[in-house]
Every structure is written in C-alpha cells, then in structure tokens.
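Here's the structure, in structure tokens; my notes come after.
The values are calculated or read from the model by the stated rules, or taken from the named source; none is laboratory data. On a predicted model such as this, the values are computed, not experimentally measured, just so you know. A quick note on method: Cβ atoms are made from the backbone with ideal geometry, for glycine too, and the neighbour counts reach across all protein chains shown. Protein only, heavy atoms only, side chains kept; ligands, DNA and RNA dropped before computing areas. Shrake-Rupley method; radii C 1.70, N 1.55, O 1.52, S 1.80 Å.
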Amino acid sequence: MLVSASCPEYKHPNWREMDFSYHLIHVVARKWPQMLDRIMPLLARSMRNDIDRFNAKSAHVAKCAHERAIFTCPLFLERSRRLMDNFDKEEVGNFIEEIKLHAAPVTYDLAAINLPIKLFHGDADINAPLEGAQFLAAQLPNATLHILPDRGHHMMVAESDRMFPLAGDPP
C-alpha cells in the first residue's frame, strides 16, 4: 500500500503551482542536491522557530477543506510543536537524506514488480500531485489507484485509522 506516493520520474508541467515540499524535492534536490546540506538547517531552524506560522501558511495554500482542517487542528499543531522541539541536527540530516531519496531517479524497472500494489491518493494533494500517482500506477502492472476526493497529502496523518484497514480491503 502506498499513500500519497511521490514518483521521481513524474515532472509536473507547472511546478510553480506546487507547495514548498514539492519545490525542495523536485526542483532543488534534483538540480542542486549539494545545496540541501546548506539550506535545510536554515529552513529547519526557521520552521522550528515558528511552526505555527508554517502550518498557517500550509492551511492557506491547501486545495481542500480537509487539508485546511488538518493544519488548523489543535492536536496536529501540538504534535508539530513537539516534533520541532526534537528536530535536532541529526533529524535534519535524516530529512535531507529522505529528500534526496525522493528526488533520485528510479534505477529499476517498475514493470518488473509483479506484486499487487494499492495506491491511495487525494485529488487535492499539492505535495505529491495526483498526476504523479497516475503515472506511477501506469508503470506498475498490478497497481490499483484509488483516488480519494477532497483529500490532500496529509490525509495519511489525520486518517491513519481509516487508511490502514484499506490496505487489506480497498473502498
């Protein structure tokens, strides 16, 4: 099961429409991966110093009410603050490596993966666009893409209790 999957091979035709995370992964990390080591500590410090403002901006640019509700939920905001309290130099390094992995080209033949794969993707995802999930599903011979209306990227955080059972029994 993959939820809100990012496909490195997919290039959005208008990347300027996408959010900050998309820009980091699909623009900066692809063109200048060595820059991540320099800019991510600064960005992490900025986020850590004002995570509430970062979440407010994310809510403002969200394409659906569900995503806006996630970024304004008191529990999500509290968890974000706690996460940022623990976002030290090691965590920043781990995050940089994760971004580089997302940006790296696929070095194996996706068509050779014969296992059944369920993809769940919101149609309002501005971190990993739906078109990327459609592109990925087309490359995987046994993939089934389930498009979830009015859901963004962070549905997996807010609806994990709903998402995990779908792995065994899709909608």
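Applying a threshold of 7 Å to beta carbon distances and a minimum spacing of six or more residues, or different chains, the list of pairs starting in region 35-47 at a residue that is within 19 Å of ARG82 (Cβ to Cβ) and ending at one that is open to solvent by 50 Å² or more (accessible area, probe 1.4 Å) reads MET47/PHE54. Annotation note: Cβ proximity below 9 Å between a residue of region 85-99 that is open to solvent by 80 Å² or more (accessible area, probe 1.4 Å) and a residue that is of a type in the set (Lys, Arg) (sequence gap 6+ or interchain) occurs for ASP85/ARG48.
Can you report the number of residues in region 90-148 which are part of a helix (DSSP H, G or I) and either within 12 Å of SER6 (Cβ to Cβ) or of a type in the set (Asp, Glu) (or both)?
Counting residues in region 90-148 that are part of a helix (DSSP H, G or I) and either within 12 Å of SER6 (Cβ to Cβ) or of a type in the set (Asp, Glu) (or both) gives 14.
Which of the residues that make up region 134-148 are surrounded by 15 or more Cβ atoms within 10 Å (Cβ to Cβ) and without any contact (Cβ under 8 Å) to a residue 24 or more places away in the chain? Across region 134-148, the qualifying residues are GLN134, ALA137. Checked across region 113-124, the condition of being out of contact with any Asp or Glu (no Cβ under 8 Å at 6 or more places or on another chain), of a type outside the set (Lys, Arg), open to solvent by 20 Å² or more (accessible area, probe 1.4 Å) and closer than 25 Å to LYS11 by Cβ holds for at least one residue.
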